[in-house]
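The values are calculated or read from the model by the stated rules, or taken from the named source; none is laboratory data. Remember, it's a predicted structure, so these values are computed and weren't measured experimentally. Note that each Cβ is placed from the backbone with ideal geometry, even for glycine, and that neighbours are counted across all protein chains shown.
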Ligand code: SF4
Ligand code: SF4
Ligand code: SF4
Ligand code: SF4
């Protein structure tokens with residue numbers, strides 16, 4: 001179901017939603033970029049062309065999540081329940097690549113097979129959230145979603161989506177959840193707008209200029225010196241993994257009787273350091289290779305698709321501009 | 001300039017005077033540059049030099065122990081090399097420093113107040129044509145941002161840094177990109193004991209950024225790389241510049257100006273104006 005909606009009407013709806021929902025949206029922070037925030041003023045919602053630095057992932061896999069704890073007692077210990085956050089939540093402005101990132105994360109933390117590992121906090125975060133996506137209008141030069149079965153206007157993983165048509169948004173409701181939030185918006189769509197939307201979609205898709213042909217399997221390149229060469233400049237930092245909408249590795253940390261699940265990443269030397277002192281991925285070569293293999297090989301073998309959605313974040317923010325699309329495409333597989 | 005850089009690199013590699021030359025090459029986007037690690041004379045033509053050569057290549061030098069390395073060094077990169085030499089992290093005889101004179105304000109904001117646009121240390125200096133050699137930046141501008149911060153009330157400053165640090169994602173890119181951050185086990189990575197929270201909480205983020213700033217007092221050469229690398233735009237240079245200013249005012253110490261100088265953290269003066277140390 002689609003309808004043409006005035007931008008002010010959407011803001012009014014958000015204002016209203018805030019009464020009984022947590023509302024999250026991209027917010028512009030002067031000189032620093034765009035960041036997802038829990039908002040308390042509807043006018044702070046930013047639905048412009050700039051991308052959020054951090055992907056929406058952090059609302060589902062919190063960077064430092066309190067997963068269990070124990071009470072402080074004399075001579076005994078008892079588990080301390082983690083306060084549950086069950087308020088209904090609506091997240092606006094989620095881009096197609098980020099939404100698809102969630103679909104991929106579902107395969108790990110909320111698989112269809114009930115016998116598979118079910119991550120309760122991830123599942124709770126998913127089920128209490130309604131995702132109102134925003135189709136991209138100005139892809140960045142680092143975006144390459146189109147090469148990875150995505151597109152700047154795709155809607156997988158969204159409950160509803162907004163298309164910016166200048167003065168208005170065209171709202172498309174995709175699921176029951178989406179309807180429950182945006183169903184009350186007044187408006188219809190006429191044939192002319194419908195046509196304009198299709199034309200705009202085609203046009204935007206063509207704006208994604210970066211293309212990559214990742215090999216089906218990277219197996220044959222595993223032992224190649226190529227991985228040493230491409231990782232020479234890597235700094236072993238956490239930028240590419242923390243900002244990736246699909247990276248999901250973590251470390252368990254204990255602080256003041258709390259157990260926290262904190263982001264961790266394969267680029268850090270300590271990530272694979274064992275207590276014995278042995279490190280199976282001792283150099284940047286093994287660590288960076290792992291990242292590329294996880295994205296473009298292992299995950300595909302296990303789950304049928306790449307673990308990269310082509311959002312371009314790791315290219316945009318890598319302090320030394322390592323380009324994973326070039327690296328994957330250039331891997332020597334013969 | 002680039003021809004001279006390539007020529008020198010070719011010469012060094014061909015004569016096996018170095019095993020590798022670290023410089024800059026064009027990235028896939030056709031505009032930016034990326035660090036280049038060149039180990040054969042045939043490949044030197046991929047070297048480039050322009051205002052996109054932001055990286056401080058001194059950061060890579062410690063990764064090749066025992067190897068002879070040629071490195072393209074701007075003024076700020078060379079200051080970092082000086083500090084690393086002072087701190088016994090590099091062997092001078094294993095380095096061939098190709099100093100490049102860069103044009104003031106060409107590369108980034110930091111350049112406007114660069115104290116020394118010419119390498120403080122080098123084996124050959126490649127000059128930019130038509131530029132007055134070694135013109136320093138404007139000393140007054142150097143601390144304008146720090147002074148503006150100093151002029152504010154303490155609570156205001158706290159609020160400001162709270163706001164900034166609340167965005168820190170603890171990716172440690174600031175540390176990894178910094179030539180001076182080479183501790184084999186960073187305090188942030190220690191677990192037994194853990195010195196401060198690993199969580200991305202305001203508390204842990206404050207502890208991280210403040211600890212790092214203090215460990216760079218008298219060592220930071222203001223190459224600006226940490227601030228550039230920070231994905232969430234925290235003005236890390238303001239912190240470092242404040243400590244740089246203190247070191248200058250209190251001890252007349254400037255990081256990276258002389259290999260012979262005793263590192264600030266390693267010096268003790270019995271005439272220290274403060275008596276806490278006695
Ligand atoms: S962001 Fe770049 S430098 Fe940092 S770990 Fe990833 S590839 Fe390496
Ligand atoms: S690997 Fe890079 S481009 Fe791919 S989804 Fe992650 S951050 Fe985006
Ligand atoms: S602290 Fe920042 S500016 Fe100072 S030397 Fe390190 S990276 Fe360069
Ligand atoms: S680079 Fe920025 S976000 Fe990353 S740890 Fe340093 S200050 Fe925090």
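Residues B:228, B:212: which one is surrounded by 19 or more Cβ atoms within 10 Å (Cβ to Cβ), within 16 Å of ligand 1 (Cβ to nearest atom) and in contact (Cβ under 8 Å) with a residue 24 or more places away in the chain?
B:228
Anything in the range B:19-31 that is more than 9 Å from chain A (Cβ to nearest Cβ), surrounded by fewer than 22 Cβ atoms within 10 Å (Cβ to Cβ) and either more than 23 Å from the chain's Cα centre (by Cα) or closer than 19 Å to residue A:317 by Cα (or both)? List them, or say none.
B:19, B:25, B:26, B:30, B:31
Test residue A:67 against the criterion of being more than 16 Å from ligand 1 (Cβ to nearest atom), surrounded by 22 or more Cβ atoms within 10 Å (Cβ to Cβ), touching a residue at least 40 places away in the same chain (Cβ under 8 Å) and in a strand (DSSP E or B), and give yes or no. Working first, answer last.
Working: more than 16 Å from ligand 1 (Cβ to nearest atom): yes; surrounded by 22 or more Cβ atoms within 10 Å (Cβ to Cβ): no; touching a residue at least 40 places away in the same chain (Cβ under 8 Å): yes; in a strand (DSSP E or B): yes.
Taking the combined requirement at face value, the residue does not satisfy it.
Give the range A:32-49 a look and list any residue that's part of a loop (DSSP other than H, G, I, E, B) and either more than 14 Å from chain B (Cβ to nearest Cβ) or touching a helix residue (DSSP H, G or I) at 6+ places or on another chain (Cβ under 6 Å) (or both), or say none.
Initial filter on the range A:32-49 (part of a loop (DSSP other than H, G, I, E, B)): A:32, A:39-41, A:45-49.
Passing the criteria: A:39, A:40, A:41, A:45, A:46, A:47, A:48, A:49.
Rundown of residues vs (1) within 11 Å of ligand 4 (Cβ to nearest atom); (2) over 13 Å from the mean Cα position of the chain (by Cα); (3) within 12 Å of chain A (Cβ to nearest Cβ); (4) part of a helix (DSSP H, G or I), yes/no style:
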position	(1), (2), (3), (4)
B:205	yes, yes, yes, yes
B:211	no, yes, no, yes
B:219	no, no, no, no
B:223	no, no, no, no
B:226	yes, no, yes, yes
B:233	yes, yes, yes, no
B:243	no, yes, no, yes
B:246	no, yes, no, yes
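Output the number of residues of the range A:234-251 satisfying the condition of being within 16 Å of ligand 3 (Cβ to nearest atom) and within 13 Å of residue A:60 (Cβ to Cβ).
Adding up the residues that qualify gives 0.
Identify the residue in the range B:180-191 that is in a loop (DSSP other than H, G, I, E, B) and within 11 Å of chain A (Cβ to nearest Cβ) and, among all such residues, is nearest to residue B:214 (Cα to Cα).
Taking the range B:180-191 and keeping what is in a loop (DSSP other than H, G, I, E, B), we get B:180-186, B:190-191.
Restricting the remaining residues to those that are within 11 Å of chain A (Cβ to nearest Cβ) gives B:181, B:184-186, B:190-191.
Values: B:181: 12, B:184: 17, B:185: 17, B:186: 13, B:190: 18, B:191: 21 Å.
Among those that are in a loop (DSSP other than H, G, I, E, B) and within 11 Å of chain A (Cβ to nearest Cβ), it is B:181.
Pick out the one residue from B:250, B:239 that is part of a helix (DSSP H, G or I) and in contact with a helix residue (DSSP H, G or I) (Cβ under 7 Å, 6 or more places away or on another chain).
B:239
Restrict the check to the range A:50-63 and report whether at least one residue is away from every other protein chain (no Cβ under 13 Å), in contact (Cβ under 8 Å) with a residue 60 or more places away in the chain, in a helix (DSSP H, G or I) and under 25 Å from residue A:207 (Cα atoms).
yes
Answer yes or no as to whether residue B:149 is away from ligand 3 (no atom under 16 Å from the Cβ), outside the structural domain of residue B:86 (by TED's automatic domain parsing) and surrounded by fewer than 17 Cβ atoms within 10 Å (Cβ to Cβ).
no
Checking the conditions here, which among A:163, A:144, A:92 is crowded, with 21+ Cβ neighbours inside 10 Å, within 14 Å of chain B (Cβ to nearest Cβ) and touching a helix residue (DSSP H, G or I) at 6+ places or on another chain (Cβ under 9 Å)? Spell out the reasoning first.
Working: A:163 fails: within 14 Å of chain B (Cβ to nearest Cβ); A:92 fails: within 14 Å of chain B (Cβ to nearest Cβ).
Criteria check complete, one pass: A:144.
Can you say whether residue B:198 is in contact with a strand residue (DSSP E or B) (Cβ under 7 Å, 6 or more places away or on another chain), away from ligand 2 (no atom under 16 Å from the Cβ) and in a loop (DSSP other than H, G, I, E, B), as far as the supplied structure shows?
Here the answer is yes, as residue B:198 does meet what is asked.
Show me the helices (runs of 4 or more DSSP H) entirely contained within the range A:226-334 in which 3 or more residues are away from chain B (no Cβ under 13 Å).
Counting at least 3 such residues, we get A:284-293, A:299-303.
If residue B:176 passes every condition in (1) within 13 Å of chain A (Cβ to nearest Cβ); (2) buried (at least 18 other Cβ atoms within 10 Å of the Cβ); (3) touching a helix residue (DSSP H, G or I) at 6+ places or on another chain (Cβ under 7 Å) but one, which one does it miss?
(3)
Restricting to the range A:122-138, what's the tally of residues that are under 18 Å from residue A:198 (Cβ atoms) and assigned to a loop (DSSP other than H, G, I, E, B)?
3
Report the residue count in the range B:105-137 for those that are surrounded by fewer than 18 Cβ atoms within 10 Å (Cβ to Cβ), modelled with pLDDT under 65 and either part of a helix (DSSP H, G or I) or touching a helix residue (DSSP H, G or I) at 6+ places or on another chain (Cβ under 6 Å) (or both).
Within the range B:105-137, residues that are surrounded by fewer than 18 Cβ atoms within 10 Å (Cβ to Cβ), modelled with pLDDT under 65 and either part of a helix (DSSP H, G or I) or touching a helix residue (DSSP H, G or I) at 6+ places or on another chain (Cβ under 6 Å) (or both) number 1.
Quick one: residue B:192 ticks every box in (1) within 16 Å of ligand 2 (Cβ to nearest atom); (2) out of contact with any helix residue (DSSP H, G or I) (no Cβ under 9 Å at 6 or more places or on another chain) bar one, so which box is it?
(1)
Report yes if some residue within the range B:32-41 is in a loop (DSSP other than H, G, I, E, B), over 29 Å from residue A:317 (Cβ atoms) and in contact (Cβ under 8 Å) with a residue 12 or more places away in the chain; otherwise report no.
Taking every residue of the range B:32-41 in turn, at least one turns out to be in a loop (DSSP other than H, G, I, E, B), over 29 Å from residue A:317 (Cβ atoms) and in contact (Cβ under 8 Å) with a residue 12 or more places away in the chain.
Would you say residue A:214 is within 15 Å of ligand 4 (Cβ to nearest atom) and either assigned to a helix (DSSP H, G or I) or under 16 Å from residue A:324 (Cβ atoms) (or both)?
Judged against the criteria, residue A:214 is not a match.
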